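Structure record follows, encoded as structure tokens.
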Amino acid sequence: MTKRTAAATRGEPGLFDTESAGPAPKPATKPRPKPLKAADLPLRAPLIHGEATASLLLRTAAANAVEPERLLKALHTGRLDLPAGGVQPQQHEVRLSAGALERLAALLERPAEQLQHLPGLRAEALLDEPGAVVRIEPWSDELGGTPLPACPLCMEAGAWLAPDGHRWRPCPCGRRWTASDDGGYLLDTSLLPDLGRALLRHRDLDHRLGPAGDALVADAHQVMLWWWVSKQVAHETWRSREDALGAARHRRRAAPAVVYPEAVTLAEAMGRWEQRRRRPDASPVEWLAEVAELFEVTGIVRGREREPLRHWLLLHPAGADPVGDSTAERRWSQLPALHHRPAEPGPWRATSCLRWMFGLPLTSTTAICPHCQGRALSCLWSPAPDCPEKPAASQG
């Protein structure tokens, strides 16, 4: 008789008799994480101008080996619903209430006023809710509603910039062009020094004219994109730049960058019209003739190339009477109401009064404005939040 058989005969537990070994031990419960403190985030992620809030939070968490979910929950009171795949800065933005902003400032040991330089943390962007509240919201799927990748040369690889009204812009270093279309992409423009020089000229215009100069570049850029789509004006020049960027298969992606030098040239000419149109006898036809000579395209005066400038002149007519105490204020006051003063100075801050959308047919209407039925210049292509016939109480 073996030992196992003898043990079974005596009713003693044997080596293989698991049923009589007693209750199984309970699995160890996962300890609840301790509340996050500033000491848990000793490494500061440098603030990047224009960065999206989600991008800053995820960079901070990664620098300190802290789970992003733990940081987000530390800013929120109560249960926080998170996306199944986690927060992705190129897909989600994190919105905070004033109370959550205070918590973030305490954890990062930075003044709240310093953090509010970021677009998503400005006073007008905070959630109007009591207490510490965090919301994770998907970026809009409309053109211009998604973030832009940050330049890895002078910012940080993996960071994302809030669109803040723009679909593209050159990096301040002048060597990269960043865009939000198609999931976000970067263009290496270091091989095209004309684009870097255009940024310097843009800064000079902004310095001389204030925000009005930046607004004129935005207008001129819209005109150039119209001409690019229509293969008008500097088509061969733009095509050679696209080839230099290696964008022969994706020319549309390169278009906003390659038209930039000519956009600044037109903006300088627009600045001269802004000075001239103060007089009631200012002649838009004479100004168009000067632009036609500047670009060596006679059709700008009376041909089809004139069409985008015709829209611009309707919004910038002769006889404007500037007001204001400073030169910059007077120049800005001369612009039409469809221009909105940017929150901060510098190039690529203002938006255009010309509302067609690059990437959509220029002569098509995507939707009819319910207030003006598409009659207002702001709403010729799609409804605009600043429609002049929109009730005042609902604007803003």
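The values are calculated or read from the model by the stated rules, or taken from the named source; none is laboratory data. Computed from a predicted model, the values in this text were never measured in an experiment. Cβ atoms come from the backbone with ideal geometry, glycine included; neighbour counts cover every protein chain shown. Heads up: the accessible areas ignore ligands, DNA and RNA and are worked out on the full protein's heavy atoms, side chains in. Shrake-Rupley method; radii C 1.70, N 1.55, O 1.52, S 1.80 Å.
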Next on the checklist: Going by amide H atoms built from the backbone, whose H comes under 5 Å of the H on Glu51, apart from near neighbours?
Outcome noted: Ala162
Checklist entry - If you place +1 on the Cβ of every Lys and Arg and -1 on the Cβ of every Asp and Glu, how big does the dipole about the Cα centre of the stretch 32-180 come out, in debye to the nearest 20? => result 460 debye
Checklist entry - Between the DSSP loop rule and a limit of at most 11 other Cβ atoms within 10 Å, which trypsin sites (Lys or Arg not before Pro) in the stretch 192-278 are left? => result Lys231, Arg249
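When a/c is below 1.5 the answer is rounded, else prolate if a/b is larger than b/c, else oblate, so apply that to the stretch 64-139 with a ≥ b ≥ c taken from the square roots of the Cα gyration tensor eigenvalues. Spell out each step's value before the answer.
On the way: a/c = 1.41, a/b = 1.28, b/c = 1.09.
Since a/c stays below 1.5, the shape of the stretch 64-139 is classed as rounded.
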Item to check | Size of electric dipole in the stretch 142-246: Cβ of Lys, Arg +1 and of Asp, Glu -1, about Cα centre, debye, nearest 20 | outcome: 280 debye
Checklist outcome for this item: Under the 7 Å Cα-to-Cβ spin-label approximation, Glu329 and Leu191 lie apart by a distance in nanometres of 4.9 nm
Item to check | GNM result for the chain, Cα springs below 10 Å: residue of Ser140, Ser97, Ser352 fluctuating most strongly | outcome: Ser140
Checklist entry - Roughly how many Å² of Thr77 are accessible to a 1.4 Å probe, to the nearest 10? => result 80 Å²
Checklist entry - GNM on the chain, C-alpha springs below 10 Å: top fluctuator among Pro317, Pro347, Pro280? => result Pro280
Checklist entry - Shape call for the stretch 140-233 from the C-alpha gyration tensor, a ≥ b ≥ c root eigenvalues: rounded (a/c under 1.5), prolate (a/b greater than b/c) or oblate? => result rounded
Checklist entry - Which residues' amide hydrogens lie under 5 Å from the amide hydrogen of Arg176, considering only partners 5 or more residues apart or on another chain, with H built in the peptide plane? => result Cys171, Thr189
Checklist entry - Rounded, prolate or oblate: which fits the stretch 287-383, taking a ≥ b ≥ c as square roots of the Cα gyration tensor eigenvalues, rounded meaning a/c under 1.5, else prolate when a/b beats b/c? => result oblate
Item to check | Accessible area per residue, Å², the chain with all protein chains present, probe 1.4 Å | outcome: 52 Å²
Checklist outcome for this item: Each label sits 7 Å from Cα toward the beta-carbon; between Arg279 and Arg341 the label points are separated, in nm, by 2.9 nm
Next on the checklist: Check the chain for me: any Cys whose beta-carbon has no other cysteine beta-carbon within less than 4.7 Å?
Outcome noted: Cys353, Cys372, Cys387
Checklist entry - Taking Cα centroids, how far is the stretch 319-337 from the stretch 124-163 in Å? => result 33 Å
Checklist entry - Is any residue of the stretch 54-93 close enough, with backbone N under 19 Å, to a label point placed 7 angstrom from the Cα of Gln114 along the Cα-Cβ axis, and if so, which? => result 54-64
Item to check | Most mobile listed residue (Pro361, Pro170, Pro119) in the chain, GNM with C-alpha springs under 10 Å | outcome: Pro361
Checklist outcome for this item: If R0 = 22 Å, then Thr237 and Glu293, at their Cβ-Cβ distance, give a FRET efficiency to the nearest 0.05 of 0.80
Checklist outcome for this item: A correct Karplus calculation of ³J(HN,Hα) over the stretch 68-82, with 6.51 cos²θ - 1.76 cosθ + 1.60, θ = phi - 60°, whole Hz and x for Gly and Pro, returns x, 4, 5, 5, 4, 5, 5, 8, 10, 9, x, 7, 10, 7, 10
Checklist entry - Once both labels are modelled 7 Å past Cα along the beta-carbon direction, what's the Asp321-His207 spacing in nm? => result 3.5 nm
